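Chemist: Can you keep this structure in mind? I'll have questions shortly.
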Amino acid sequence: DLAEDPHLRRGPRGFPLLPGGYGRSTYYTGAPSPYAIRGEGYRVWDDRGRELIDANNNFTSLIHGNAHPEITEAATKALSSGASWGIPNLYEWDLADLLLSRLPDLDQVRFTNSGTEAVMSAIRIARASTGRERVVVTKGGYHGTSEVALVPGGPSYTRGVTQGVIDDVTAVPLNDIQFLRQAVEAAPDAYAAIILDLLPNRAGLLSISEDFVREARDLATRFGIVLIIDEVISLRLGYNGLSGEYGVAPDLLTTGKLIGGGFAVGAVVGRAELMAEVDPTRPGSLPHGGTFSGNPVSMAAGAAALRLYPHEEVQRLNRLGDTTREAVQSKIAEAGWEIRGRGSLLRAVPGGAEKVSEDIQHRLWWASYERGLLGSPANLLSLSTPMNEHVAADIAERLADAVLAVAGSAEA
Ligand code: PMP
């Protein structure tokens with residue numbers, strides 16, 4: 001019953017049906033959350049009667065906003081023939097083809113159900129092919145919730161993770177080339193992979209420098225380490241992904257979010273000699289499955305989403321992000337805040353901040369919400385293709401207003 005506040009619903013033994021009242025820990029914004037009721041284009045309506053500009057877009061997945069007619073049609077058409085099967089389907093080949101046409105340095109795709117699974121599988125492929133165990137990550141980065149992926153988040157992320165897993169990971173400070181080089185050169189034969197998110201939101205949405213990426217690429221090539229670029233979020237930033245914009249070819253690329261058109265998805269895309277690790281026709285290949293991996297609904301919706309996001313749309317949305325950032329920056333500078341990001345991704349932070357307290361993140365989330373703007377709890381905003389300059393200007397105004405309210409109350 002949607003009319004009832006779900007927070008009040010208790011099970012037979014008196015507990016809320018979901019731990020803390022939440023189905024995802026990443027929804028949490030410090031106070032009971034509103035519930036989404038309906039979405040259309042760039043707007044979402046909630047159970048408190050608010051109409052919101054959706055710049056959360058399910059954590060950047062909805063590149064075409066809510067309920068895009070062509071994506072809905074593609075998903076519905078696939079679903080009407082059966083939600084999933086236990087033998088391969090043809091939709092998977094279509095999405096793989098579309099993805100590889102955008103990633104010309106890579107050869108093959110293996111779909112998963114989430115970005116978390118994609119990163120987890122990529123790490124295992126790298127370890128299996130190199131026969132090594134250690135992994136380099138950048139400090140503060142987020143790569144999902146597999147055990148290795150939690151380590152760069154530090155001690156608050158790694159409760160329940162074994163010391164052995166933690167010891168296998170070297171977390172390099174963002175853009176510290178010297179640190180990276182020394183760590184790898186000290187034990188090059190120990191490293192299986194270097195994993196990079198080129199625009200890590202949890203690390204403050206600061207870009208990884210081109211020099212740092214080039215150094216990582218050089219070290220990987222020199223020492224036979226697998227370079228994994230995690231484009232679960234950043235794929236939207238260039239027609240050939242953000243690695244394409246940098247002009248750096250990964251050995252494995254992980255992605256997800258937008259390539260499922262709003263449905264559950266992830267993918268490992270890689271060079272053929274590495275992807276051979278999950279080729280079941282080869283004796284001794286790695287076990288990889290997933291009951292819903294490559295399901296026709298995610299694949300059909302994802303293919304529609306990629307077809308609706310050609311080069312010109314990527315560029316248009318990136319430019320829209322530029323104008324939004326410019327408009328916000330001019331309004332929040334006097335309060336000592338700054339706007340960060342690239343292309344269609346943006347985030348306001350207190351000036352110079354590398355780590356923003358959860359309290360500030362939550363206050364900005366609520367201040368934005370009260371002004372009709374829906375962001376992510378970590379304040380990442382993403383634009384979607386139904387948006388135009390008017391919507392972008394509206395976002396800029398609401399965000400700037402929210403920032404000024406938070407900055408003002410923090411000083412008070
Ligand atoms: N990698 C990155 C860079 C991400 O941002 C995320 C999720 N935001 C993931 C991996 C995990 O993806 P998922 O939530 O689909 O498991």
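Chemist: Looking only at segment 110-126, count every residue that is hydrophobic (A, V, I, L, M, F, W, C), in contact with a helix residue (DSSP H, G or I) (Cβ under 6 Å, 6 or more places away or on another chain) and more than 12 Å from the ligand (Cβ to nearest atom) and tell me the total.
Modeler: Residues in segment 110-126 being hydrophobic (A, V, I, L, M, F, W, C), in contact with a helix residue (DSSP H, G or I) (Cβ under 6 Å, 6 or more places away or on another chain) and more than 12 Å from the ligand (Cβ to nearest atom): 1 in total.
Chemist: Considering every residue within segment 342-349, establish whether at least one is part of a loop (DSSP other than H, G, I, E, B) and either in contact with a Pro (Cβ under 6 Å, 6 or more places away or on another chain) or surrounded by 16 or more Cβ atoms within 10 Å (Cβ to Cβ) (or both). If you could, list the steps in order and put the result at the bottom.
Modeler: Quick first cut of segment 342-349, residues part of a loop (DSSP other than H, G, I, E, B) only: 343-344.
With either in contact with a Pro (Cβ under 6 Å, 6 or more places away or on another chain) or surrounded by 16 or more Cβ atoms within 10 Å (Cβ to Cβ) (or both) added as a condition, the list becomes 343-344.
Yes, there is a match, as at least one residue in segment 342-349 is part of a loop (DSSP other than H, G, I, E, B) and either in contact with a Pro (Cβ under 6 Å, 6 or more places away or on another chain) or surrounded by 16 or more Cβ atoms within 10 Å (Cβ to Cβ) (or both).
Chemist: Additional query: Could you grab me the full set of residues in segment 208-241 that are part of a helix (DSSP H, G or I) and under 25 Å from His311 (Cβ atoms)?
Modeler: Residues of segment 208-241 that are part of a helix (DSSP H, G or I), as a first pass: 210-223, 234-237, 241.
Correct list: Glu210, Val213, Arg214, Arg217, Ser234, Leu235, Arg236, Leu237, Gly241.
Chemist: Follow-up. Only one of Arg38, Arg13 is over 23 Å from Pro386 (Cβ atoms) and either charged (D, E, K, R) or in a strand (DSSP E or B) (or both). Can you tell me which?
Modeler: Numbers: Arg38 fails: over 23 Å from Pro386 (Cβ atoms).
After applying the criteria, what remains is Arg13.
Chemist: Also, quick follow-up: Checking Val269 against (1) at negative phi; (2) away from the ligand (no atom under 11 Å from the Cβ); (3) modelled with pLDDT of 95 or more; (4) not in a strand (DSSP E or B), only one condition comes out false. Which one?
Modeler: Condition (4) is where Val269 drops out.
Chemist: For segment 209-236, give me each residue that is touching a strand residue (DSSP E or B) at 6+ places or on another chain (Cβ under 6 Å) and either within 12 Å of the ligand (Cβ to nearest atom) or closer than 23 Å to Thr145 by Cβ (or both).
Modeler: If the condition is that a residue be touching a strand residue (DSSP E or B) at 6+ places or on another chain (Cβ under 6 Å) and either within 12 Å of the ligand (Cβ to nearest atom) or closer than 23 Å to Thr145 by Cβ (or both), then Val226, Leu227, Ile228, Ile229, Asp230, Glu231, Val232, Leu235 are the ones that fit.
Chemist: Sort out which residues of segment 265-295 are under 22 Å from Glu73 (Cβ atoms) and in contact with a Gly (Cβ under 9 Å, 6 or more places away or on another chain), and write them in order of number.
Modeler: Let us first name the residues in segment 265-295 that are under 22 Å from Glu73 (Cβ atoms), namely 265, 292, 294-295.
Within segment 265-295, Val265 is the sole residue that qualifies.
Chemist: Now, a different point. If the requirement is being modelled with pLDDT of 95 or more and surrounded by fewer than 16 Cβ atoms within 10 Å (Cβ to Cβ), which of these qualifies: Glu117, Glu51?
Modeler: Values: Glu117 fails: surrounded by fewer than 16 Cβ atoms within 10 Å (Cβ to Cβ).
Exactly one residue qualifies, and that residue is Glu51.
Chemist: Between a first residue in segment 77-89 that is farther than 14 Å from Gly294 by Cβ and a second residue that is among the aliphatic types (A, V, I, L, M) and outside any loop (DSSP other than H, G, I, E, B), which pairs have beta carbons less than 7 Å apart while being 6 or more apart in sequence or on different chains?
Modeler: These pairs meet every condition: Lys77/Ala300; Leu79/Val297.
The values are calculated or read from the model by the stated rules, or taken from the named source; none is laboratory data. Since the model is a prediction, treat every value here as computed from it, not as a measurement. Virtual Cβ from ideal backbone geometry, glycine too; neighbours counted across all protein chains shown.
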